[in-house]
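A short write-up of the structure that comes next.
The values are calculated or read from the model by the stated rules, or taken from the named source; none is laboratory data. All values derive from a computational prediction rather than experimental measurement. In this analysis, Cβ positions are derived from the backbone assuming ideal geometry, glycine residues included, and neighbour counts consider all displayed protein chains.
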Amino acid sequence: MRKFLEVVVLFSMISCASETHRNENNPFESDKISSEELAKKNQLQPLKIIYTGRISGEYDVCGCAVNPKGGLERRHNFTQRTKEGAPSLILDAGNLLFASGKLDPSKKSEQLAVAKTLMAAQVKIGVLVQNIGENDLSAGKDFLLQEGAKAGLPMLSSNLDLGPAVMPFKKVEVSPGFKVLILGFASPSLDGAKDPILVLSDMKKQMLDINLVVVLSDLGLAWDKRLAENIFLPHIILDSRESYGVDLPHHQAWGLISHVQFQGAQAGYYDLFIGKSHESKWFNPGMQDYFKGRWAQAQNEINEISDKSAESLDYSMRLEELKKLKSELNEYAPGNLDQKNIYTHQTFDLTEIYAGKNELTPFVEKFKKGKKK
């Protein structure tokens with residue numbers, strides 16, 4: 001009898017709660033709010049991140065018959081156009097120099113010449129730090145260090161000990177009181193490579209005054225997600241092991257994980273507005289229509305099953321799931337966005353619209369002439 005009464009009370013409570021949820025208005029019906037409006041309202045720090053990864057020794061456009069992409073000239077033009085308007089970090093996530101772990105003996109001299117050119121080009125493009133990926137060591141440590149030093153390329157690796165020419169990390173003060181920590185990881189399968197999770201643990205002191213962590217990764221998505229679970233600050237992970245690009249980053253813990261198409265066919269771009277209070281959540285204003293539709297779907301289903309929830313435990317459990325979903329979505333309603341970090345992200349195909357001669361044109365033409373001989 002007592003058990004029966006408990007069930008009756010439970011279903012009565014669900015029934016009452018259902019009535020409340022039935023009459024709610026969609027919180028996303030109000031006017032959309034832009035990144036700039038949110039940033040001004042919440043006093044957020046603007047920051048742009050322009051990045052590439054896994055260029056794989058490519059200096060020219062791809063050999064596609066239709067709409068070829070990539071190339072040094074286009075990458076330079078894209079970067080110069082995109083970096084204006086806010087503090088910008090231009091970064092490369094690694095695997096710049098070569099396409100694989102071994103050089104082709106019949107093409108070795110050309111591959112080495114292209115690698116030297118790519119390092120010099122990164123400096124002209126304005127790359128702040130170059131992560132060292134596994135394939136960047138294909139010609140040996142000495143080649144990388146010597147030619148990188150000649151080019152003046154700032155190289156980074158947090159889990160490889162390659163001597164004083166390679167930074168273990170870099171701190172950047174974007175504005176007074178707002179600091180970014182940049183880390184770089186190579187594959188832990190390399191000889192002498194330290195476990196990235198252990199390196200993060202050792203970096204705790206370096207993170208005390210940091211507002212944002214950026215990780216340049218040659219680890220792959222599975223490892224990237226593990227890293228994200230061990231960084232307890234807002235962070236961005238830029239990967240150079242994956243070969244495809246994503247417009248919508250992977251959300252993991254406090255971070256966002258993204259990557260661009262290999263061989264320099266794409267460049268990635270983040271437009272960020274970040275709070276100083278170490279807020280763990282990110283919001284993309286471009287998702288407001290999606291949230292609005294998802295909320296409406298949940299509300300419609302609630303209206304359909306509310307009367308049935310007292311008849312079946314399955315209905316009542318589904319009702320609770322829908323309420324939880326609505327509660328999570330409500331956090332991203334225009335009226336509830338105080339203190340959230342804001343981002344938009346896009347991968348750009350480096351197509352004809354970015355064509356045009358610039359200071360890197362002589363490098364490209366030099367190798368093109370060499371191939372014709």
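Structure values in brief
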| item | result |
| --- | --- |
| Residue in segment 112-125 that is closer than 22 Å to Leu216 by Cβ, touching a strand residue (DSSP E or B) at 6+ places or on another chain (Cβ under 7 Å) and surrounded by 19 or more Cβ atoms within 10 Å (Cβ to Cβ) present | yes |
| Selected residue (criterion: farthest from Ala355 (Cα to Cα)) from residues of segment 24-68 that are crowded, with 17+ Cβ neighbours inside 10 Å and hydroxyl-bearing (Ser, Thr, Tyr) | Ser35 |
| Enumeration of residues in segment 318-331 that are in a helix (DSSP H, G or I) and either modelled with pLDDT under 85 or within 24 Å of Trp282 (Cα to Cα) (or both) | Glu321, Leu322, Lys323, Lys324, Leu325, Lys326, Ser327, Glu328, Leu329, Asn330 |
| Of all residues in segment 50-69 being part of a loop (DSSP other than H, G, I, E, B) and within 20 Å of the chain's Cα centre (by Cα), the one that is nearest to Leu216 (Cα to Cα) | Gly53 |
| Which listed residue, of Asp136, Asp104, is without any contact (Cβ under 8 Å) to a residue 24 or more places away in the chain and charged (D, E, K, R) | Asp104 |
| Residue tally, condition touching a Ser or Thr at 6+ places or on another chain (Cβ under 6 Å) and touching a residue at least 60 places away in the same chain (Cβ under 8 Å), over segment 160-185 | 1 |
| Any hit, segment 211-218, residues being in contact with a Lys or Arg (Cβ under 8 Å, 6 or more places away or on another chain), at pLDDT 95 or above and among the acidic types (Asp, Glu) | yes |
| Residue list for segment 165-201, filter: small (Gly, Ala, Ser) and either surrounded by 12 or more Cβ atoms within 10 Å (Cβ to Cβ) or touching a Phe, Trp or Tyr at 6+ places or on another chain (Cβ under 6 Å) (or both) | Ala165, Gly184, Ala186, Ser187, Ala193 |
| Filtered residues of segment 214-247 (kept if more than 11 Å from the chain's Cα centre (by Cα), outside any helix (DSSP H, G or I) and not hydroxyl-bearing (Ser, Thr, Tyr)) | Asp218, Leu219, Gly220, Glu229, Asn230, Ile231, Phe232, Leu233, Pro234, Arg241, Glu242 |
| Scan of segment 130-164 for residues that are touching a Gly at 6+ places or on another chain (Cβ under 7 Å) and outside any helix (DSSP H, G or I), ordered by number | Asn131, Ile132, Gly133, Ser138, Met155, Leu156, Ser157, Ser158, Leu160, Asp161 |
| Residue match in segment 81-98 (condition: in contact (Cβ under 8 Å) with a residue 24 or more places away in the chain, surrounded by 13 or more Cβ atoms within 10 Å (Cβ to Cβ), in a helix (DSSP H, G or I) and not charged (D, E, K, R)) | yes |
| Yes/no for Asp289 being at pLDDT below 95, over 27 Å from Asp60 (Cα atoms) and surrounded by fewer than 23 Cβ atoms within 10 Å (Cβ to Cβ) | yes |
| Gly192 vs. criteria in contact (Cβ under 8 Å) with a residue 24 or more places away in the chain, in the same structural domain as Leu47 (by TED's automatic domain parsing), more than 28 Å from Val61 (Cβ to Cβ) and part of a loop (DSSP other than H, G, I, E, B) | yes |
| Elements of type strands (runs of 3 or more DSSP E) in segment 248-289, at least 3 residues being more than 13 Å from the chain's Cα centre (by Cα) | 266-274 |
| Residue list for segment 24-53, restricted to those being of a type in the set (D, E, K, R) and closer than 26 Å to Phe178 by Cα | Glu36, Glu37, Lys40, Lys41, Lys48 |
